[in-house]
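Following: one structure in structure tokens, then a few remarks.
Only the coordinates and a few stated rules stand behind these numbers; no lab work does. This structure is a prediction, so every number in the text was calculated from the model and none was measured. Methodologically, a virtual Cβ is constructed for each residue, glycine included, from the backbone with ideal geometry; neighbour enumeration extends over all protein chains shown.
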Ligand SMILES: [Zn+2]
């Protein structure tokens, strides 16, 4: 029995080994199949995830694109609004600026007798020679600066005539006629187109010279005006040898700093400039 049992032993071992090999192989193929299934599953999930990511990226790109487009549209719109409001602002400014203030007055074009400046202010007494004088309210700060700076430079300047209404102009003219006869036509601007009716024109003098203006062209006050008045927007309307009126060294008109500066630079006079060119300065008159 023992011998028989011993004789079977290798067979049993062999069977057991075979069995374990079979089982092992079976187990191996089973787990391999399971692994393959799991791998396939993960691969599918990976593909899905990659797709989802790609879709999300595309959506993001689309969104970013839309956002950019929207921003550009907004910017564009804002620019348009700015352009429009800029134009409206300019038109509004222009519509509120009295175009008469930069007109040339001649025998052809003259101020209406009913014209008067929007608003005038009384000129500080210390700067006035004789009776009280008035000046265009918006141009007054420029005249005030001029008077103060001249004073600082030790130069005497007095205002002898500022704003003159059509009525006073007519009375003055009659006075001149009585005194000077027909010569008054060249001596004083005809009523109705005197620049003094605008309110932006000044006759300067000194205490010594007074209202006769005699010799004003020889004073240091006049020299100071020639050198500096343009900085405050003032020009000499009727320089020596002009084609319009007698030389009036005391008579200065406010035309705005830009135009006065350019005229001074180019050594031109206001009346020699084309009206269309003058008109381009209107919007900057009080700048
Ligand atoms: Zn004058």
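Helix-only arithmetic for the chain: the sum of -39500 (n - 2.57) across DSSP H runs with n ≥ 4, divided by the residue total, places the mean residue ellipticity at 222 nm at -18000 deg cm²/dmol.
Percent of Cα-Cα pairs more than 34 Å apart in the chain, please. The proportion of pairs with Cα distances above 34 Å equals 49 percent. Of all the options 43, 148, 70, the one that moves most in a Gaussian network model of the chain with Cα springs shorter than 10 angstrom is 43.
Rounded to the nearest 10 degrees, the inclination of helix 166-180 to the longest alpha-carbon principal axis of the chain is 40 degrees. Translational diffusion of the stretch 75-139, estimated by Stokes-Einstein from the Kirkwood radius over alpha carbon pairs at 37 °C in a medium of 0.692 mPa s, is 211 µm² per second.
For the residues 119, 31, 194, a GNM of the chain with alpha-carbon springs under 10 Å puts the largest fluctuation on 31. Taking other Cβ atoms within 10 Å as a rough exposure proxy, 140, 252 sort from fewest to most as 140, 252. Among 56, 243, 30, which one moves the most in a GNM of the chain with springs linking Cα atoms closer than 10 Å? Highest fluctuation of the listed residues: 30. Compared with the dominant Cα axis of the chain, that is its longest principal axis, helix 257-266 is turned about 70°. Computed on the Cα atoms alone, the convex hull of the stretch 1-102 gives a volume of 97 cubic angstrom per residue. When each of 221, 66 is scored by the number of other beta-carbon atoms lying within 10 Å, the sequence from fewest to most is 66, 221. For the chain, the longest principal axis of the Cα atoms and the long axis of helix 140-152 meet at an angle of about 70 degrees.
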